[in-house]
Structures are given as C-alpha cells and as structure tokens.
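Asker: Okay, handing you the structure first.
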Amino acid sequence: QLQACGGGLVQAGGSLRLSCAASRRLFDAYEVGWYRQAPGKGRELVAAINRGGSTNIADSVKGRFTVSRDNAKNTIDLQMNSLKPEDTAVYYCKIKPILSITYWGQGTLVTVSS
C-alpha cells in the first residue's frame, strides 16, 4: 500500500527528503502524513495534511520540515532541513482514507550525526 524511501545518514544541519508512494489515490484521503519513532520512545506525529489541505506540524520541527502531497503522483513528501541529532528516528508515512481506517508504511531510518 505504502512505500517509503529517502532515509539515510546526514550530518547535523543537513537536509533529507522523504517520499512515500501510495497504491491508491490520495486526493480524497481524510489525512496523510509522517510520524516518527526514536529509540526507546513512542511514535509521534511529525507533520500531516488533511483533506482540506490544512497542515498539522509538530512544534519540534516547525520552520524546518515541510510536508506536501502530490495528488497526481500519489506521493507524500517530507522535506527536512536543518536536521538535528534529536531528529534521528524511524520515519513512517501514514494514510487515513477515511477516519476509521489507517495504513502505515514500512518505515525508513533517518540518522543525524552531531
């Protein structure tokens, strides 16, 4: 359903772009977005876009990360700039076609070295 890519190792201050390809249309999905899970911590919201186009961005990444949705390509992208070591985590893309259904991607590891 969802295939994420773009993770890797980057130095602090660098940038990465994650992309998640969906096997279904995204333009009418209730919500799409990215979550992350750092070692020893729970999964947390990074950034999401709802059906109306409004975004919900975690305070810890505001001003550094941008989430976007390409309805023609059925992809969800996360542009990450000014990366910090605390951004190190496995990043998961998520789609909620409707409120009661959630699909998760397989996760892609982002490691930021200091």
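The values are calculated or read from the model by the stated rules, or taken from the named source; none is laboratory data. Since we're looking at a predicted model, the values are computed, not measured. Note that we place each Cβ from the backbone using ideal geometry, even for glycine, and neighbour counts take in every protein chain shown. Heads up: the accessible areas ignore ligands, DNA and RNA and are worked out on the full protein's heavy atoms, side chains in. Shrake-Rupley method; radii C 1.70, N 1.55, O 1.52, S 1.80 Å.
Asker: Give the residues of the stretch 62-77 that are open to solvent by less than 50 Å² (accessible area, probe 1.4 Å) and touching a strand residue (DSSP E or B) at 6+ places or on another chain (Cβ under 6 Å), sorted by residue number.
Answerer: Phe65, Val67, Ser68, Asn74, Thr75, Ile76, Asp77
Asker: Let me ask something else about it. Could you grab me the full set of residues in the stretch 48-98 that are among the hydrophobic types (A, V, I, L, M, F, W, C), under 19 Å from Val112 (Cα atoms) and part of a loop (DSSP other than H, G, I, E, B)?
Answerer: Matches in the stretch 48-98: Ala58, Leu83.
Asker: Test of understanding: among Asn81, Asn56, which residue is within 14 Å of the chain's Cα centre (by Cα) and within 17 Å of Gly14 (Cβ to Cβ)?
Answerer: None of the others qualify; the one that does is Asn81.
Asker: Okay, moving on. Which of the numbered conditions does Leu45 fail, given that it passes all the others? Conditions: (1) part of a strand (DSSP E or B); (2) over 22 Å from Leu9 (Cα atoms); (3) open to solvent by 40 Å² or more (accessible area, probe 1.4 Å).
Answerer: (2)
Asker: So in the stretch 3-23, with the set limited to residues that are in a strand (DSSP E or B) and among the polar types (S, T, N, Q), which one is surrounded by the fewest Cβ atoms within 10 Å (Cβ to Cβ)?
Answerer: Going through the qualifying residues, I end up with Gln11.
Asker: For Trp34, work out the one condition from (1) part of a strand (DSSP E or B); (2) among the aromatic types (Phe, Trp, Tyr); (3) open to solvent by 30 Å² or more (accessible area, probe 1.4 Å) it doesn't fulfil.
Answerer: With (1) part of a strand (DSSP E or B); (2) among the aromatic types (Phe, Trp, Tyr); (3) open to solvent by 30 Å² or more (accessible area, probe 1.4 Å) applied to Trp34, the lone miss is (3).
Asker: Is it true that Leu99 is of a type in the set (A, V, I, L, M, F, W, C) and within 14 Å of the chain's Cα centre (by Cα)?
Answerer: Criteria not met by Leu99.
Asker: Go through the stretch 78-103 residue by residue and tally those that are modelled with pLDDT of 95 or more, open to solvent by 20 Å² or more (accessible area, probe 1.4 Å) and not β-branched (Val, Ile, Thr).
Answerer: Total satisfying the criteria: 7.
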